[in-house]
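Here is the structure we will look at, set down as structure tokens.
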Amino acid sequence: MASSKAYGDRVASHSNRAAQDLLRTMERKQSNLCVSVDVTSKAAFLAVVEAVGPFVCLIKTHVDVIADFDADLVEQLTQLAAKHDFLIFEDRKFADIGNTVSLQYAGGIYKIASWSHITNAHTVPGPGIIAGLAKVGLPLGRGLLLLAEMSSAGNLATGAYSDQTIAMARAHRDFVVGFIAMQRPSGPADEDFLILTPGVQLGSKGDALGQQYRTPREVVFDSGCDVIIVGRGVTGSGESINVEEVQHQARRYRDEGWSAYRERIASN
Ligand code: S5P
């Protein structure tokens, strides 16, 4: 069972380069923290990434919310990824037919496939979305996460929809490395998907727009997930970045996430 194994011991269960690199990074940095940098200016974005870089295995981006996005932002993000040893996950949530998503992934202003190691997709269009993204991403060694579940109240990614999403992933193991999900799905003992989980915050149960939060321990220990995705719990809300506070929170979530993982491994 993947949840009982150390991250580093799971590298061999994956053929996808992005999945292998993520697991190695987690082991090396002793971090299962992904910070979601949802700020709207390039300066704030780079300040947060520089501040949290030492504590994360992964930085999650929504580049389409950055008002002054440009190619230099990608250049600087890539340099920070090398300097601080983390991977990049553009949370694009692709959701269209295969042909359209292949254009959106490769081109446009953002050229996501050229710099983002991991991206994600909804499965509502059917398996053609995976094929369209794989055509672009696989030759570059990229990995895809499918949204099997969501954190927000009233979402429709439940039951048969989640089950069919998992079946689609099983049919595309070369490119689909895991899920955005709230718990580890059950499956054969030798099956190893990466489970990345948003909706994580200490000291808040949710926001005013449907987000629902659990603690790192609930996510990693109770639900067997691999990576905690934390946005406002680390960055705060708004654009004014207090670097010391952001670093303090990143260290706190890194420590909480890692000790929940240690506890999980020890209990198996
Ligand atoms: O179900 C989901 C899936 C995702 S990727 N729920 C989410 O909240 N997310 C993303 O995680 C969301 O788009 C946001 O970037 C982040 C959560 O941010 P926070 O500030 O609520 O921690």
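Can you tell me how many residues within region 210-234 are without any contact (Cβ under 8 Å) to a residue 12 or more places away in the chain and either aliphatic (A, V, I, L, M) or within 12 Å of the ligand (Cβ to nearest atom) (or both)?
Residues in region 210-234 being without any contact (Cβ under 8 Å) to a residue 12 or more places away in the chain and either aliphatic (A, V, I, L, M) or within 12 Å of the ligand (Cβ to nearest atom) (or both): 0 in total.
Consider G143 carefully, then state whether it is under 26 Å from C57 (Cβ atoms) and either hydroxyl-bearing (S, T, Y) or within 16 Å of the ligand (Cβ to nearest atom) (or both). Yes.
So which residues in region 80-95 are of a type in the set (D, E), crowded, with 17+ Cβ neighbours inside 10 Å and touching a helix residue (DSSP H, G or I) at 6+ places or on another chain (Cβ under 7 Å)?
Across region 80-95, the qualifying residue is only E90.
Within region 96-113, residues that are in contact (Cβ under 8 Å) with a residue 40 or more places away in the chain sit with their Cβ atoms under 7 Å from residues that are open to solvent by less than 60 Å² (accessible area, probe 1.4 Å) and hydrophobic (A, V, I, L, M, F, W, C), at 6+ positions apart or across chains, in these pairs: Y110/V63.
Against the test of being among the polar types (S, T, N, Q) and more than 11 Å from the ligand (Cβ to nearest atom), the options Q183, Q201 yield a single qualifying residue, Q183. Checked against the criterion of being open to solvent by less than 10 Å² (accessible area, probe 1.4 Å), touching a residue at least 60 places away in the same chain (Cβ under 8 Å) and within 13 Å of the chain's Cα centre (by Cα), the candidates V48, V37, V52 yield just one match: V37. Criterion applied to F94, F86 was being in contact with a strand residue (DSSP E or B) (Cβ under 9 Å, 6 or more places away or on another chain), more than 16 Å from the ligand (Cβ to nearest atom), closer than 30 Å to Q212 by Cβ and not β-branched (V, I, T), and the one residue passing it is F86.
For the condition in contact with a Gly (Cβ under 7 Å, 6 or more places away or on another chain), of a type in the set (V, I, T) and within 15 Å of the ligand (Cβ to nearest atom), I118 qualifies. Checking each residue in region 109-140 for being out of contact with any helix residue (DSSP H, G or I) (no Cβ under 7 Å at 6 or more places or on another chain) and open to solvent by less than 60 Å² (accessible area, probe 1.4 Å) picks out S116, N120, H122, P125, G126, A134. Could you please find all residues in region 141-176 being surrounded by 14 or more Cβ atoms within 10 Å (Cβ to Cβ) and among the charged types (D, E, K, R)? Within region 141-176, R142, E149, R173 meet the criteria.
The values are calculated or read from the model by the stated rules, or taken from the named source; none is laboratory data. Quick caveat, the model's predicted, so the values are computed rather than measured. Note that we place each Cβ from the backbone using ideal geometry, even for glycine, and neighbour counts take in every protein chain shown. Ligands, DNA and RNA are excluded from the accessible area calculation, which covers all protein heavy atoms including side chains. Shrake-Rupley method; radii C 1.70, N 1.55, O 1.52, S 1.80 Å.
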